[in-house]
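Below is one structure, written out as structure tokens, with a few remarks after it.
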Amino acid sequence: MNARRTDPTIVGEQCDGDGCTLQLAVPADLDYFPGHFPGAPVLPGVVQVAWALQLAAPRLGTSPRCREMEALKFQRLLQPGDRVTLTLRHDRARGKLHFAYREGDIAYSSGRLVLDPRA
């Protein structure tokens, strides 16, 4: 059985209280690329949201699930081989996780996730 490749490569991270900054590399062999889209692979937005939830949970003690998404913006395509900085901030008072994928001045995607406390 072949191992599935679904996670980013973490090349650096720094966490402090309710926030984390992770440097990520987008592997060219992710299972999400074939067929999305043929000849021009891009990382689906739903995967970007899932990565934010998955990476925040053990680092910030947040739920790995959300019940609502707010202010989602997908501004630039994430492609195989890209390197980005993922910024995560947990707003405990409101039960939200803020995320943003950027590289320098270039914004890839961002949003707020209303966390599901039952998860």
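Every number here is computed from the coordinates shown, using simple stated rules; none is lab data. Predicted, not measured: the structure shown is a model, and the values here were computed from it. All Cβ positions, glycine included, derive from the backbone under ideal geometry; neighbour counts span all protein chains shown.
Some points to look at:
- Filtered residues of the stretch 4-39 (kept if without any contact (Cβ under 8 Å) to a residue 24 or more places away in the chain and part of a loop (DSSP other than H, G, I, E, B)): Gly17, Pro34, Gly35, His36, Phe37, Pro38, Gly39
Matching residues to (1) of a type in the set (A, V, I, L, M); (2) touching a His at 6+ places or on another chain (Cβ under 9 Å):
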{"position": "Leu72", "(1), (2)": "yes, no"}
{"position": "Gln75", "(1), (2)": "no, no"}
{"position": "Val84", "(1), (2)": "yes, no"}
{"position": "Gly111", "(1), (2)": "no, yes"}
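- Taking the stretch 50-63 as the range and being aliphatic (A, V, I, L, M) and surrounded by fewer than 19 Cβ atoms within 10 Å (Cβ to Cβ) as the test, the residues that pass are Ala50, Ala57, Leu60.
- Those residues of the stretch 40-64 which are of a type in the set (A, V, I, L, M) and either in a helix (DSSP H, G or I) or at positive phi (or both), in sequence order: Val46, Val47, Val49, Ala50, Ala52, Leu53, Leu55, Ala56, Ala57, Leu60
- Of all residues in the stretch 78-91, those being assigned to a loop (DSSP other than H, G, I, E, B) and either in contact with a Lys or Arg (Cβ under 6 Å, 6 or more places away or on another chain) or surrounded by 13 or more Cβ atoms within 10 Å (Cβ to Cβ) (or both) number 4.
- Any hit, the stretch 57-76, residues being among the polar types (S, T, N, Q), over 20 Å from Glu13 (Cβ atoms), touching a Ser or Thr at 6+ places or on another chain (Cβ under 9 Å) and in contact (Cβ under 8 Å) with a residue 12 or more places away in the chain: yes
The rows are residues; the columns are (1) crowded, with 17+ Cβ neighbours inside 10 Å; (2) of a type outside the set (Gly, Ala, Ser); (3) touching a Pro at 6+ places or on another chain (Cβ under 8 Å); (4) within 18 Å of Gly17 (Cα to Cα).
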{"site": "Arg65", "(1), (2), (3), (4)": "no, yes, no, no"}
{"site": "Lys73", "(1), (2), (3), (4)": "no, yes, no, no"}
{"site": "His98", "(1), (2), (3), (4)": "yes, yes, no, yes"}
{"site": "Gly104", "(1), (2), (3), (4)": "no, no, no, no"}
{"site": "Arg118", "(1), (2), (3), (4)": "no, yes, no, no"}
